[in-house]
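Chemist: The structure under discussion is supplied below as structure tokens; questions concerning it will follow.
Please treat every number below as a calculation from the coordinates, not as lab data. In this text the structure is predicted, and so the values were computed from the model without any measurement. Glycine gets a Cβ as well: all are built from the backbone with ideal geometry, and neighbour counts include every protein chain shown.
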Amino acid sequence: MADRPLMPIATAVWLIDNTSLSFDQIADFCGLHSLQVKGIADGDVAAGVRGIDPITNHQLTREEIDKGEGDEAYRLKLSRPKTIVAEKPRKGPRYTPVSKRQNRPDAIAWMVRNHPEISDAQIAKLLGTTKTTITSVRDRSHWNTANLEPRDPVGLGLCSQMDLDAVVRKAAAKRAKLMKDQPQPDAGPSLEPLAETTLAEDEANEAKEKKVDLANVFADFTGNSDDDSEENN
């Protein structure tokens, strides 16, 4: 916790040995139970733990200790750092505790099934595994394939939801960019709009009617010429 010393038990050991603070005051400052502090004082708890001076580590001031020793009801306050150092971004694969490493194949199977857009390199960095292991899970050549059960890596404690969401967003954006840059296949001939189709049909019908009328005219003209010839004879 942010309002507790970095090594609470070692700090409690030092406070017990070097101050007259009460067990309750030490327990409150270190985030421990008062009975646990009593056990440290009796040697039943944290035997062999070397005390750490919170004053040297700039987690507690001598003035705070003096206030606590003068008033048993006073609660010590953790010293705040004067400067805040930005956390450096983590490089390389994520460290996975030994107790959780056996769950990585299940997490890999979950990633492969639910997020195929994520590359093997991204999965390896997120879960702290290797590309060889990912490939074996992907092509079902892993030695324990029969017992693998796809499980969410967040639920397994292998990564945080924030890290997983960031990887998914990055992979989705990269995939969308690749799809956009690739040439789209020709969709082939498409149907003409209804208005254009209707207009073309009307024009064809009109041309057909004119052709019929011209044929009738020529027929009438031919027939009249024959009648005139008979009358002259």
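Chemist: Sorting check: for 167-174, 19-26, which peptide has the highest mean count of neighbouring beta carbons within 10 Å, and how do the rest follow? Working shown, then result.
Modeler: Numbers: 167-174: 14.5, 19-26: 18.8.
Packing order, densest peptide first, comes out as 19-26, 167-174.
Chemist: Name the shape class, rounded, prolate or oblate, that the alpha-carbon gyration tensor gives for the range 11-84, where a ≥ b ≥ c are the square roots of its eigenvalues, rounded holds for a/c under 1.5, and otherwise prolate holds if a/b is larger than b/c and oblate otherwise.
Modeler: Numbers: a/c = 1.96, a/b = 1.36, b/c = 1.44.
Oblate shape, in that a/c is at least 1.5 and b/c is the bigger or equal ratio.
Chemist: From the phi of every residue in the range 123-136, what ³J(HN,Hα) in whole Hz does the Karplus formula 6.51 cos²θ - 1.76 cosθ + 1.60 yield, where θ is phi - 60° and glycine or proline is x?
Modeler: Couplings: 5, 4, 6, 5, 9, x, 10, 10, 5, 5, 5, 4, 4, 5 Hz.
Chemist: Want the number for LEU178 to ARG101: 0.36 nm per residue separation, take away the alpha-carbon distance, what's left?
Modeler: Details: separation 77, 0.36 × 77 = 27.72 nm, distance 3.38 nm.
This chain segment gains 24.3 nm when fully extended.
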